[in-house]
Each structure stands twice: as structure tokens, then as C-alpha cells.
Amino acid sequence: MPITALPPTTVRAIGSTSVISDPCSVVKELLDNALDASATSIGIEISANAIDVIQVKDNGHGIPSDDHACVCRRTFTSKIQTVEDLRTLGGKSLGFRGEALASAAEVSGGVTITTRVEAEMVGTSIKYGRNGELIRYLCSSDNYGPEANLSYMKLSARFAPCGHDSPYN
């Protein structure tokens, strides 16, 4: 077979597994996001098979509406703008690459985030597709405190080893 460039969808799928390799890495990335958002309370819900549902609720500062379209886009981040920013950020943030939510959306087929910032009376539930595109945007009555960030996802069958005999059960 000759050497050829991989299609963009294949590149995204392969790259996603370097960030999100199993259900534990999903939870770790969502926890990192919650902690970076100054959360003081974090709840985690995982289905028995660790595939059907992974949900993290936190009371972090939420996601401003101006940023909703970019949340699950690869290489989009609120943490840095340049490589120089890494020197000043050093140790102050757990994530900065803009890969975690994009990878989670890719391996799960989509992510739903419900968020509310302090200035908002009502939250927003946002559904993102596999490529990080915003699919649905709805007002949400979910109200977990003055500020909230809630993420849901269903992992694809490629995580089937997480079944009955999985170390994650």
C-alpha cells in the first residue's frame, strides 16, 4: 500500500485516543476542567459498565455564552494563547491544550454540557456532535448553584473492554 495522507476524520479519531484512552481518562479530563473552573464541589456519576453514562457535575464558574460554540473544538482553550503563556501558567492549570472535550466528543459521538454562569438566571444545555460542532442549544432548568457545569457522554463500543470483567466495574 502506498503512503498517503489520512483523511481528517481518521486523524481526529486516532488523535482522540491519545487524550481519551479509556473511561478513567474521560473522568480525569472532566475533573481537570472542573478544578480549573475553581469548582469546590464535584459529583461524578458513571454507569455500571462505564460506557453508557459518564457525568460530572460541578459548581465551577461555568462557560460564558460567547464561548459556547468553541467548547468542543480541537485546540480551542481559554488557558493560553501563545507558547510563552505556558511559562506564566506553569502549575496553575491542569489543562491547556484544548483537546479534552474535543476528544471526548470524538470517541463518544457527542457530548452534552449544561452550564450556567453567575450572571445568568437560567442555564443552557448544549449538545455537541462528534466533530465538536454545536448541534442543539436549549434553556435548562438544571440549577446546581450559582454556577454550574454539567457534562454527559456515552462512550462508543471501542471501550467494550469495560464490560462485565472490566477493572472499571
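Which of the peptides 132-140, 106-114, 20-28, 65-73 is most tightly packed, and how do the rest follow, judged by the mean count of other Cβ atoms within 10 Å per residue?
Ranking the peptides 132-140, 106-114, 20-28, 65-73 by packing returns 106-114, 20-28, 65-73, 132-140.
Quick one: if you stick a label point 7 Å off each Cα along the C-beta vector at Leu94 and Ser141, how many nm between them?
So the two model labels end up 3.2 nm from each other.
Assign unit charges at the C-beta atoms only (+1 for Lys and Arg, -1 for Asp and Glu), then state the dipole size of segment 1-134 relative to its Cα centre in Debye, rounded to the nearest 20. Show your work: numbers first, answer last.
Values: 12 positive and 16 negative charges, 52 e Å.
It comes to approximately 240 debye.
Express the C-alpha Rg of segment 3-115 as a ratio against the empirical globular expectation 2.2 N^0.38 Å, rounded to two decimals. Intermediate values should be presented prior to the final figure.
Values: Rg = 14.8 Å, N = 113, 2.2 N^0.38 = 13.3 Å.
The reported ratio for this selection is 1.12.
So what is the relative contact order for segment 45-128, in percent, with contacts set as C-alpha pairs under 8 Å and at least six apart?
Details: 83 pairs, mean separation 22.3, N = 84.
In percent, rounded to a whole number, it is 27.
Output ³J(HN,Hα) for segment 92-97: one whole-Hz value per residue in order, computed from phi by the Karplus curve 6.51 cos²θ - 1.76 cosθ + 1.60 with θ = phi - 60°, and x for Gly and Pro.
8, 9, 8, x, 7, 7
The numbers here are math on the coordinates, done by the rules we state, and not lab data. Quick caveat: nothing in here was measured; it's all calculated off a predicted structure. Because the Cβ atoms are built from the backbone with ideal geometry, glycine has one as well, and the counts that use them run over all protein chains shown.
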